[in-house]
Every structure is written in C-alpha cells, then in structure tokens.
Amino acid sequence: MARVVEAPASSAASSFRRRPWVRRAGPLVLLVVLVALPLMLPEGANDTLARIGVFAVAVLGLNVVMGYTGQVSLGQIFFLGLGAYVTAYGVTNDWNIVLVFVLACLVPAVVGLVVALAAARLGGLAIAMVTIALPIVGVPLAKRLSDYTGGSQGLSARFTDAPEGTGLYDDQWQLYLVFLIGGTVFLLTRNLVRGRYGRAFAIVKGNENVASSMGISPYRYKVLAFTIASLIGGVSGFLYMVVVQYTSPETMSFGHSIELLVAMVIGGAASIVGSILGGAFYVVVPDLTNAIDPSLTALLQGALLLVVLFLLPGGLASLPRALTRGRRRSRAGRGPAAPPTTPSSTTGSGTAAEEPETERQGHA
Amino acid sequence: MTLLELEGVTASYGPVQVLDGVSLRVPDNGAVGILGANGAGKTTTLRAISGTVRAGGRIVFDGKDIRGLRPDRVAALGIAHVPEGRGTLGDLTVRENLRVGAYLRKDAKGVAQDIDYCLDLFPNLQNRIRSNASALSGGEQQMLAVARAIMSKPRLLLLDEASLGLAPSTAKNVYDAIRRLRIESGIAMVVVEQNANLAFTLVDSATVLETGRNVLTGTSAELRGMDEIRRAYLGG
Amino acid sequence: MRKHLRSRRALGIAVASAVAITLPGCAREVGGGGDGGSGGEASPGITDDSITLGITTPLSGATAGPGTCTVAGITAYFGAKNAEGGVEFGDGKTRTVEIEALDDAYDPQQAAANYDQLKDEVFAMTAGLGTPTNRAWRDAAIADEVPQVLIMTGDPLFSDAEESPWQLGFVPIYQNEGEAFGELLASSGQDHKVAILSQNDDYGEGYVEGFTSAIEGADNIEVVEQLTYEATDTSVDAQITQLAASGADVVFNAMSQVPLVVSALQKAQQLNWKPSWFLPSNTSSPGAVLEPGGGAAFPGIYSVSFAKAPASPAFAEDEDVKAYLAALPQYGNYPDPPAFPHCQWSWMVGATLEQAFSEMTEPTRENFMEALRSIEDFQAPLMLPDTTVNTTEDGQPAVSTVVVQKYNGRGYDTVESFE
Amino acid sequence: MDKFIQLVVDGLSTGSVYAALALAIVLVHQATGLINFAQGGLAVLAAYVAWWLTNQGVPLVLAILLSIVFSFALGALVERYLMRRFERGDPDTAVVVTIGLLTLITGVAGWLWTYNNQQFPSLFSLETVSLLGVSVSIRSIGTTLAIVVVMVLLQALFAGTKLGLALRAVAVNPQSAAFSGLPVGRLLMVGWGLAAALGAVAGALVAPQLTLTPGMLDNALVYALAAVILGGLTSPVGVVVAAWIIGVLENLAAVYVGFIGFDLKVAVPFILIFVVLIVRPQGLFGRKVVVRV
C-alpha cells in the first residue's frame, strides 16, 4: 500500500509533493519498497498483494471508461476473462510468452473496440445494458467454444514458477511480475488521464454537448475510452493467469462484473489510487469476512460496503480529504466546513469541465 | 402592512460568508427588487427566504418567523420560489408541471380555472401543453416556471433572474406577463434581476447588495436616476 | 507545511514498523509439507490430540444450498465423534477433528485464495463442492503436496492417480451415474424413445456421455431429442415443451438445479406428458424435488444412489439415518431436513476419513494418502446395500458403485430392471 | 404449430416473472430516479416473511398481506436512513449502495432461514387448462393476470393520481417540488415503500414457481433490467410488454434459430435492446427523457 504516497491526498499534500526533493525521492522510495517488499513478506501476504494487483488493474480499466469518461460499463470482467483465456490457450500451446502477453492485450482491445463502435452510439442506461450482455453471453459462449476454452472445466496454465537461478520463491516471482506489468499499466494510465486525453474524457463525462461544441467528438472519445478499458482488462486477465493460473467460465460470471463496479466506487471513482484501493477491497473483504464467519460472508460484505460508503460516499480514496476536513473543522471549533467551491476532484485529473447543474442537483 | 421582513439575515456556504446582515421589507401587494453584481448575495437572499439555505437573523412572513422552516413548509405558507435556472420538471409535461404547482390546493375547479389563466397569461404554453418541459425553449421554460409558481396561489413570489439567457424580446415578453399578473392578482414579489432596466419596469422599490450587505435602498424612481450606482452595480 | 512533514514522517515510521513486524516472515519454512515424509515429522495441521481439515466450498451465492451441506455433514459427523472423545488413529493416538471451512462463493479465484490461506494450517483439504473451484488449485495442491481428497465433484480428473496424485474424488463420476441408468434401460427389452435434457457444462455432459455409451448398440433405444439449459436459467418450460413434442417416453434429465427440476416435472404434467424420468443423484430428493414436483404422477422416476434417503419411510428406523438426523442440527448447525444429498455425502466423507485415519501410522500427509488409497469395500454409514467405498481402483473416485432406484411415492426402492 | 403456440404461452409465463420484478424497478425509478438492484432482494425477504408466517399457522393470503405491510415499512425506512444520504450525490454511488443492500439482504435471508430450498405455497392451483390445443396452468394464468392488474394500477397511479404525479415530480427535481409545497422526504419514503410493497407482491407470485431461496431472483434481475430498458423506464405497460416479448422471443429463438440454441438464448434480450434503442432511444413505450444512470 506504499503506493498511497503517490496520491495527492489533499491540496496541502500535493503542494508538499511539488517540492523538488520529494518529486525526485518519492518514486525512488516507492521503487525500493516495491523491490524489497516481495522479499520480506511471508508467502500469504505476497499472494494477497498479487491478487490485489490483478484486480486493481481490472478496476483501473473500468475507471478509464466509467470513472473518467462517465460511461457505465458492467462488462469489465468479460475482458479480464478474455485476456485470461487467451493467455491460458497460448501457454498450453507453448507460444512465446511475449506473444501471449501481446495477444492477451490486443484481443480484448479489438473486441472492446468492436463492441464500443456499436455501443457508444447509445448513452446512459442503454450502454450499461449492452455491456451487461458481455459477461452474460460470454459465459455460455465460453462453454460452447470448449475446444479453445476447455469448456466448463476450464484451463490450467502453470507458467509462472520462479525461473531457476533467480533464487526466488514462486510467490515472489509472481508478485514481481504483477508489480512490473501492473505498475507499468498504472503509470501509463496515470499519464493518459492527466494529459490531453484525460481532459477530453472529463469534458465528455461532464457534458457531451459542451464537448461537441469544443470540437471533441464524444463518440470517438467514448470508443477510445472503452477500447483502452478493454485492453487494460486484458492485461488484468494475463495477470490473473500469472497469479491464479486457472480460468473457467466462472471467472467472467456477471456477479464478478458487478463486484468490480462496486470495487471501483468503493475505491473512489476517477482516481488512480482509488483503483488500487478498490482492488484491495475486492480481494481483502472476502478473506476478511471469511475470517470473521464463513457462513455469514454475504451479510458481512453487504454491511461493510454500506458502512464504508455511508462514511465515505466518495470512496476510500476520499479518506485523506475527509480527515483533513474533519481536522480543519475541529481546529476551527464550530466554524464552517470547507467551501463547496473547492474542486471535488480527488485525482487532479486536469481541468474537469465545469459540470452544468443538472436538475437532480437542486439542493444547495 | 408588511408582508415580509428580513432583518440582519446572514448565511454562509462553508466558511464563505455570503449574507452578512441583509434587510428587506416587502409590503402587501408590493414588489421589491434586489440588485447587485454577481456574488453579491441576491440569490442566496431568496434561498434564505424559501428555506433552502440555513440562515441567521430574522425572517418574518405575515407576522410569523419562518427562518429555519423546510422549503415545502414555506411554500405551504404562500411563498412561491421561481429559482434561478427555472427549475421546471423536465420529464413532466407542461400540464403536469402546472398540476404539481397546485399540489397543495384542494379546489379542483379553481385549479382548472388557474390553468386556463396561466395559459392566457403565457399563450406560448397553450400549444405545448402536452410536451415535456425539457423540450421547451428557454423562454417557454421560464414562462412555465412562473406559471407553475402561480398555480399554488401564493401571496409572495420570489423571482430569480427570470431574464437569464433569454433573448431581449423574450425577456420583455416574460416581464410584461409578470407585470400583468401583478396588476391583476396583486401578488407581492421579490425580484432578483441582473438587468436593472427590466427590473424597474416591475418593482416599486429596490435594494442594492454588495458582498452580502445592503448598500443602498430606495424607490425605483430614486435609484433609476443614480447613474454612478447603475454603473457600479448594475453594469449599465 | 510542518504538520504535513510530520505526518509524512509518521507514515514512514508506520511503514518501517510494519516491515519490521513482518520480517520474521522472511525465515521461511523450507519445503513446507514436502519434507514431512522423510523423517516421519508431523505435517501441518496435526498434533498429538487434534487434526484440522480444511474445506473451501460455496457458502454464499447461487450454489450456497448444496455448498452449506458439504460443510454441515462432515462437521456433524466429527462433532458427534469429538463429543465421544475423538477419533482413534492408526498410531494409537486419539485426536479430535476440527473443520476449518471457508466460503468461495463458487469463484475459482477465491477458492484458490482460500486454499493458499488454509494449506499451512490444515492437514488436508476435503469435501469442497464444485469442478472449477477444485480445479483452480489442483496444480498448487500437487506442487505443495497437500491432500485434496473426497471432494464433491464428478470430474474424472481428480480420480486419475497419475494426473492427480494428491487428489481423490468422493462422489461417483457423472459418467458412472448416466451409465448405470443407460444399462438398465438398454436391458429392458422394450423399445424406448429417449429425450435428453442436460446442464450445459461438464456435469451434464458427463451424464450424457455415460448414458450414451451404455446404450450404444442397443437397438431398442432411440434418442429422439437432446437439449441443454444453463444453470442460470429461470425456467426450462420451453425445453420441456420441445421435448414433449418429440413423443419420447423416457426423459434422461441431467440437471443439478433443484428448483428447475421441480418446475420441469410440473411443466411436463401441465402438458399432460407422462414419461418415465431419470434424475441424477443430487436432484432426486423425495422431499425437496419429487413431492413438490408431483413425481407420483409419472409411471416411473428413476435415480441412482449410494446413500439412504433419510426422508424415506423405509429408513425411518434405520440406525444410521437416526444418528445422522440427530447430529445434523446438533453439531452441523443445520436445522431443517436438507433438500440436498450433499449433507449425507459429506457425512460419509467423514466416515471415510475416519477409516483412513484408523490406518494411518504416521502423522504425515504421505502416510495419510497411502492409508486413504487402500480402503476396500468399506460400508460407510448411510450407504445402501451393494454400494461401498473403494479407493483402490485407479480412475474411479472413492464411491463408484451406484444402484438404480425407483420412486415409490414416498421414498426409493432399489430396482433390478426397468418396468 | 401446437408447439409454436405452446412456446409462446410458455414465454409469456416466464416473461411474467421478469415483469413482476421489472414493475417494482420502474416504480422506484419513477419515484426516486434510481435503478434499484436491491429490489429483488427486498422481494425475496418479503417472500420469506410470508413463508415464515404461514409456517406459524397464518393463512396464506393474510401472510402475504402482512408481508406487504412489512415491506412498505422496510422500504420507507431504507429510504430514510440509508438511501437519503446518497440521493443527491453521484448516481453511480447510489446504485452501488443498492448493490450492497442486495448483498446484505441476501445474507440476512441466508442467515435467518438458511440456503436450504423452501416450498412457497401458491395462491393459485397447479391445475391445467387447455385452450386452443395448448396447456397452461391456472398458476401461470393467475400470476399473469395479477401482474396485469398491478401494471394497470401503476399506470393509473402515475398518469392519473396526484400522488403519482408528486412522486414523479420529486424524482425529477426535489428542490422544485419542494417549492411547490411537496413534502419531498416523505414522498421519497412513500415511493420506496410502495416499490417494496409491490416487490412483496411480486415475490409471493413467483416464489412458488422459482422455489424460495435467498438468491431466488438473482437470475431474473438481469432479465427484469433488460425489460425495464427495453420497455422504457417511464412506462409500466411498456416494461410488462417488453418482459413478455423477451420471454417469448427467447423461447422461439432457442427452438427455431439454430445457432442460438438454448445456451445462447440469453443473448436475445440484449440483441433486442440494441436494435430497439438504436431506433428508439427512449425504449418501446417510454417517453423521451434524459436518462441519468
């Protein structure tokens, strides 16, 4: 969780981040931690971290299309499943692993592009329904294509044992792979959403008419965001095989897609750090509820979700902000809270377009 | 007889103090304008009256302290707020909007009459009676917003920037209709308006706000003559 | 700004101390369970007076019904044993048996995570339900040399000793069940038209495969229609309508969803279509399926089984059944009569494990696997006559013998021929 | 031909199950502007309450009525103490809250009543009637008719009554509604309460057919959502017709369209949605609205 330091927790913290020595030392410290951590942690912790990495990447993909671009997607798990299947198929047929990785990214991206070209014409709930169809149809489809997918029995692929000579345990090697691949994806995505494209996404999310009037084609950017989300989903599928080493139609069941959406909102929509926290929520909460009482997991998970959102409607990523506000409030005694004019962006995702007051946001 | 009286009203959004002691007096059947530059606290004053922001000080309507009442309770007392941005109910038809406006009334016959009156006042709405409010033009939406407010048979109308975003001729039409309404029904009004000339066609007196405080109060005739005030606060 | 510097420093201290706490984790146990065999040193999860078994199974979600049963039965079995003092092992020690069950919600990824969590705490993994959820960590269990035994899947892979040295299935592979009914039908001497409805996965395919191999070459049997459904469907009415139109007089029904089997039986009656039915062992409960489904309306409902149906009046006075029905609420935390046979099966898993424990001379996983793989003709409690636990036959799970039974309106009778 | 008609009738009967849930979703959407994933969970909980009451010796009809009252109160409380906090925030968050509520309710049902299957007594007999060469059970006819009645009532509520109008007004713009004197908070509670009560009716109607389990309506939820989008969010008649269309076309496609078959028939409603929405973005029967998820 050392990556938390990457986040602009509050405006004060981000000005702290702007100090030159922090700018230089921060990434370096992070790198050292990431290199050292797998060597120091016990196997169970490494496994958990690696799984968090897998789903953090999946949530990050969802964030690109939903958090940053505002298009509801309930199909993200399909792309994870697709990436996992491509990986499993490639590995069992002894393809070159680099080729397998490239295909695990490209195949979902191309499928995502095709789906998006059609779906992005629709808006709002309609796009949600079209994307819901992906996992729902994907599961029986995977069973029908059993020559490639192993049918309902799934595919195992054990290709990430630590190479001889590294002296590493398998879990350490796998965690390094997750850090390397996942870290790269996070870095690239962070640059993407903070750059020109991210601003365009934000404008499309804010108001499509405004976007059009600024010469930004909402359709084109929605397709782009969806395609990138699918590609990132494919990467998470590859990582899924790195860590879990098995995939079946159950991997892409509709319920998991909903859980990814939950993870994204719980972590914090449109937030890089939120994606990591969302991945952690996705992975840790079932383990945690199992530890409390395995026969009450559903009840506990539902309750936990509600409690977290009740306390932090902006997701876990808004915790530092909420704390700062709380502290400021208590310092000022009974003084008023932070002004509403403060930008609510957790991410500093650039200049979010001024959101026009929609009708439902009536109350002051 | 004073219908509405504000005294030393304060309000803030978080740490930002928006109203810092605003006072206002609206006589029965009177119409008072609130003028001032952007951010002076005009809209917030209306919101303080209708109960949509928490306010300090004294707000008395018809002899009753209404400060802190919920907006629907304030409405029930006879104050109708036409908010900035019109606040029409987009997914409802024009007729449904008008019926919602009459929610508190029990006299079906009177409601039907008032719908006819509204359509007479704003003939543009007549043709669009079955359209969704969201499909109306800006001017038509503004007319609908006012019409919906009158449907509750209010004793006081709070009118916020009724000319905003409208073509000058449309704005004039809207104000003409409201003036006719005032003459025919005698509803008292508090009018927030950027366009001072337009406001002066409707109100008897006005107060000028600056950073949440009254800086100048007078009759329309008095204020209309003060060039420097006009330049400073009313943007010419 | 100072404030934030301080909080940053506090964060650094927190990270450093977290690392310090976890440092002991560096000293990894070398080899884990793998070395256990050589010196007779005890494997994880076993002491001189207790042994811990792990289960990962669905306890929430769509499969929670049977999943809960897979835990309840074995917990009840060993709960009763522990109350008597424990289980006697082959090394002369008496140990209590603890069950550590985790919910995987039928998610392979979570099942693998549960396994990771349990593997160093438990002696063996057992009784878990599901093909993908068991396959997800099969390779890992082999690599770690952790037993994954007597699990509730009819997937033949787990009973192939060469492919799966640390695995063993418990329930008959799906093919066995389908085959048993196929043979019965083929030997009936009459002509039959068969309609097949199967779940679109390895479960349904396994049944159909066994059935079709048994009727191969039998001239009197013709399959006139073959359809599938998805486990997530809300209705199979359309399939039943389509099958009814085929004019079949026998339905081979390979469905694992109790509600859908009930509605399939009801739908057939509505259409006034009265064929004989074959139902799989896990969806043929008299109380939960046939009574609400109106099974008595059909000329014959056949199922295969190796377990006594506790609800059947024929076994009301049976000692096994009485002990089982008493222990389930008392030790298994299962109040009502279960709609799923998995409770009985997992009770038998308990008995089979006890049998293996009694032959175990060393507290190691290797020794346990050896003992487990040498059980022959063991009549576990609740088993029907002519069925036994036999773990010595490669390619077969612990239970591979089934008898065909026919519904008699309240329970089942074993039958020799199709009438 | 008989088979064809029978498949159509079967489809209508399955479609009615989707419709029951879809109507409750429409109601809560009309009244609060939200898509409520927990609607099925509330219906299942109500069905369990009714089932539990019948086990205590309460007559079935009374038990169902009591479960409806219970659900109304529960729905109103959920709105007041849970959803209220999220109604003016990010809609995605509000939807996720309803997902959490669904998980919680399912867990509570599993905790209180186990995941064992339970038989829910039916209001209607399972006897079969034959019409035009097709067989249909009285239960299916009864269920379908009950849903039609509910649909007509809902349509009347929204189109004709002051309460219906007020519920819609609050969902569209709470502040403006308050300016017209509408008690916004109370109306939101009533909206959720009514939807939950309707869910209780739906639960009691479909539970005999689906068998009572905590996840009884999970699989139907997706179909219900599809019907809601296809029919148009604003139209009770629209979603019921859409649910029927989905049920029927699904069956026909499975049987008569070779490459779809019974395994991929689930794709039918989505293909339908896609085609229809390209042509009519507001759905088959919906009024043109600006949809905010």
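Nothing in this text is a laboratory measurement; each read-out follows from the coordinates by a stated rule. Quick caveat: nothing in here was measured; it's all calculated off a predicted structure. Methodologically, a virtual Cβ is constructed for each residue, glycine included, from the backbone with ideal geometry; neighbour enumeration extends over all protein chains shown.
Here are the numbers for the structure shown:
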quantity	calculated
Span-like helix ranges in chain D, DSSP H, alpha carbon extent 18 angstrom or more, Kyte mean at least -0.5	D:2-32, D:39-55, D:60-81, D:91-113, D:138-160, D:184-210, D:218-231, D:236-256
Within 10 Å of each Cβ in C:134-147, the average number of Cβ atoms from other chains	3
Dipole of the range C:175-305, positive end: most advanced residue of C:Asn200, C:Gly294, C:Ala231 [Cβ charges, Cα centre]	C:Gly294
Cβ neighbours within 10 Å from other chains - mean over A:35-45	4
About the Cα centre, charge dipole magnitude for chain D (Lys/Arg +1, Asp/Glu -1 at Cβ), debye	840 debye
Farthest toward positive dipole pole in the range D:16-217 [+1 Lys/Arg, -1 Asp/Glu at C-beta], among D:Ala24, D:Leu188, D:Ile35	D:Leu188
Relative contact order [Cα under 8 Å, 6+ residues apart], the range B:1-144, whole percent	19 percent
By average C-beta atoms within 10 angstrom, highest first, the peptides D:128-137, C:131-140	C:131-140, D:128-137
Separation between Cα centres of the range C:48-119 and the range B:50-65, rounded to whole Å	66 Å
Shape category assigned to chain C from the gyration tensor of Cα positions, a/c cut at 1.5	prolate
Degrees between helix C:108-118 axis and first principal axis of chain C (Cα, 0 to 90, nearest 10)	50 degrees
Ranked list, fewest to most other Cβ atoms within 10 Å of each Cβ, for B:Cys118, A:Cys105, C:Cys343, C:Cys69	A:Cys105, B:Cys118, C:Cys343, C:Cys69
Choice from B:Ala135, B:Ala48, B:Ala199 showing the highest fluctuation, given a GNM over chain B with Cα pairs closer than 10 Å	B:Ala135
For C:269-280, mean number of other protein chain Cβ atoms within 10 Å	3
Within the protein assembly as shown, percent of DSSP bridges classed antiparallel, to nearest 5	45 percent
Ordering of B:105-112, C:77-84 by packing [mean C-beta count within 10 Å, highest first]	C:77-84, B:105-112
Gaussian network model of chain D, Cα within-10 Å springs - most flexible of D:Phe124, D:Phe259, D:Phe274	D:Phe259
Extreme residue, positive dipole direction of the protein assembly as shown, given options B:Gly165, D:Leu284, A:Leu117 (C-beta unit charges)	B:Gly165
Between the range B:142-196 and the range D:1-43, the alpha-carbon center distance in angstrom	46 Å
Most fluctuating residue given options D:Ile278, D:Ile99, D:Ile246, as computed from a GNM of chain D linking Cα atoms under 10 Å	D:Ile278
Centre separation in Å (Cα based) which lies between the range C:374-419 and the range C:269-311	18 Å
Length added when fully stretched, C:Asp386-C:Glu291, from 0.36 nm per residue minus Cα-Cα	31.5 nm
With Cα atoms, 0 to 90° folded angle of helix C:202-215 axis to chain C main axis	40 degrees
Nitroxide proxy distance, nm - points 7 Å out along Cα→Cβ at A:Arg194 and A:Arg325	2.4 nm
Cα-based reach from C:Lys193 at 18 Å (exclusive), listing lysines while leaving out same-chain residues under 8 positions away	C:Lys274
Relative packing of C:258-264, B:27-33, which averages over residues the other C-beta atoms within 10 Å, highest first	C:258-264, B:27-33
Under 5 Å, built H, 5+ apart or other chain: amide partners of B:Arg25	B:Leu6
Percent of beta bridges antiparallel (DSSP, chain C, rounded to nearest 5)	25 percent
Chain B: angle of helix B:168-185 to the longest principal axis, Cα-based, in degrees nearest 10	90 degrees
Magnitude of the charge dipole, the protein assembly as shown, Cβ model with Lys/Arg +1 and Asp/Glu -1, debye to 20	10060 debye
Reachable lysines, given that their alpha-carbon falls under 26 Å from the alpha-carbon of C:Lys322 and they are not under 8 places away in the same chain	C:Lys81, C:Lys308, C:Lys406
